[in-house]
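Down below is the structure, laid out as structure tokens.
The values are calculated or read from the model by the stated rules, or taken from the named source; none is laboratory data. As the structure is a computational prediction, the values presented were derived from the model and not from experiment. In this analysis, Cβ positions are derived from the backbone assuming ideal geometry, glycine residues included, and neighbour counts consider all displayed protein chains.
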């Protein structure tokens, strides 16, 4: 330990820090205030401040480093650092403010580092325990008014550091309405007891031009980093425009409350809402009330930059611990239109519902931007059904059902022995051994089928023509004779949908073994979707229509059903030979 303390010259028991400026010899100081004062006026220097003991500071003095174009830095109380590459090595010591001093950073690189214990826990600590109010901040960063400026302000919080604050620990502050070229990299632990831990403040309005998006302030929460606040606060308050990349852990009553900018949760990024119950967000002044219980809230609110996007990918986790909470909640507290431009989910695990305003949901469905992931609820309403579907998966031990987004819905038999899968013209994954065929040539006594294009077990079921499933299982067998990639089916005649056909609009019927199935709508439902014709080994013998109110004729005997036709008013016509049978029922909706 003695060797660790021998930094600088003439170390005394009262020395709390060592300051090295440029190539000059390090000098020890008995207070942080004295060390900060020694930095006054330095520019374009490499400055290293090393703690030798625990220390406090009162924060009433001002380091008057010249700062062009940022008047506030010349007048506000606190410590201004500008123009120097500054490293603050906390070692294993704790620095606590005794008043409400703050650090204001502008230009060049700032690094705060500390030691780790044997379990890799951080030992270096900064405590902002007595800010002027909860809305104050421990460390402010200021950017540029010109997105093409060569001046950058970079802050790195290394793994060995914990920053604890009664207000914001770190915030990006607008220079006017801009904060270009600010970057924060967090590897350590950030906490707040009375406010969000990290924020880009809502005064940051500047959105970079296309192709220069990286100029927006960027905050990276790296793998292993932790950001936590109490269960009645939002861990990250994303009020101003910027870029957020989260690979570490973020926890609070709400994980992220956003009104502007771009958020990406990737790698092992985890965002957890710890509030026990969900509360609705309501606008007030320049902030919000309520809004707890959601991993991420994206709030369209007038007066804020908007331009929001959300990307969830990798092994990301979004979790609400409230039984009525949301993994993603997209709201409009006082804006007429959604300011969220897009929500993209590629992969990850989401626990909690998803809530979107109607205009955003329509866009997400149309563009098909949810392409993967595992969800605690059925999110079919947010998927483009021509591209993706959800597959329920039951845990064999807990029997908890989750929902996986897959390329196509997997065909499987339900309790009635009927297959369930996506709508015609939608992607469908067929079980092993099954193939899908469509009619390509219709004769008087037989029809020839071609195998629907198949790759990796995925087929696109055609909307405009009938199709059949065939395979080795007895329940799927058809009278057929294989000729290359086509089969011939005799005895049950199918004709194009313009006449007697296998489909009508989005409906289709499937000759499945000895059953005739009718599909209707976007999802299979027993009370609407099927017209089973069951019987012996030969031709179908009986029609049973399942409907909310069973109006169909049951136990109607047919020796050979030839074809089916759908008409606008919900009737189903069954043709046997030249005789047409009319079955009433709410099949076509």
(message) Cβ contacts < 8 Å: first residue not assigned by TED's automatic domain parsing to the domain that holds residue 98, restricted to region 21-34; second residue at pLDDT below 95 and assigned to a helix (DSSP H, G or I), any location; separation 6+ or different chain. Result?
(response) 21/38; 27/38; 29/35; 29/38
(message) If residue 391 meets every condition in (1) outside any strand (DSSP E or B); (2) farther than 27 Å from residue 255 by Cα apart from one, which number is that one?
(response) (1)
(request) For region 115-153, enumerate the residues that are in contact with a helix residue (DSSP H, G or I) (Cβ under 6 Å, 6 or more places away or on another chain) and either within 26 Å of residue 187 (Cβ to Cβ) or free of Cβ contacts under 8 Å to residues at least 24 places away in the same chain (or both). (result) none
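Name the residues in region 312-348 that are in a strand (DSSP E or B) and surrounded by fewer than 19 Cβ atoms within 10 Å (Cβ to Cβ), would you? Give the steps one after another, and end with the answer.
Taking region 312-348 as the starting set, the residues that turn out to be in a strand (DSSP E or B) are 312, 317-320, 326-332, 340-345.
Correct list: 341, 342, 344.
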(message) If I ask for residues that are under 19 Å from residue 189 (Cβ atoms) and at pLDDT below 95, which ones from region 97-114 would you list?
(response) 97, 103
(message) Checking the conditions here, which among 307, 255, 303 is in a strand (DSSP E or B), in the same structural domain as residue 369 (by TED's automatic domain parsing), more than 17 Å from residue 180 (Cβ to Cβ) and touching a residue at least 60 places away in the same chain (Cβ under 8 Å)?
(response) 255
(request) State the number of residues belonging to region 117-133 that are surrounded by fewer than 16 Cβ atoms within 10 Å (Cβ to Cβ) and within 32 Å of the chain's Cα centre (by Cα). (result) 3
(request) Count, please, the residues in region 166-179 that happen to be part of a strand (DSSP E or B) and either over 18 Å from residue 123 (Cβ atoms) or touching a helix residue (DSSP H, G or I) at 6+ places or on another chain (Cβ under 6 Å) (or both). (result) 7
(request) Considering each residue of region 352-367, count those that are over 11 Å from the mean Cα position of the chain (by Cα) and within 19 Å of residue 316 (Cβ to Cβ), and give that number. (result) 5
(request) Kindly provide the set of residues from region 44-90 that are in contact with a helix residue (DSSP H, G or I) (Cβ under 7 Å, 6 or more places away or on another chain), part of a loop (DSSP other than H, G, I, E, B) and modelled with pLDDT of 85 or more, ordered by number. (result) 52
(request) Mind listing whichever residues of region 349-378 are buried (at least 16 other Cβ atoms within 10 Å of the Cβ) and more than 27 Å from residue 395 (Cβ to Cβ)? (result) 356, 357, 360, 361, 363, 364, 365, 369
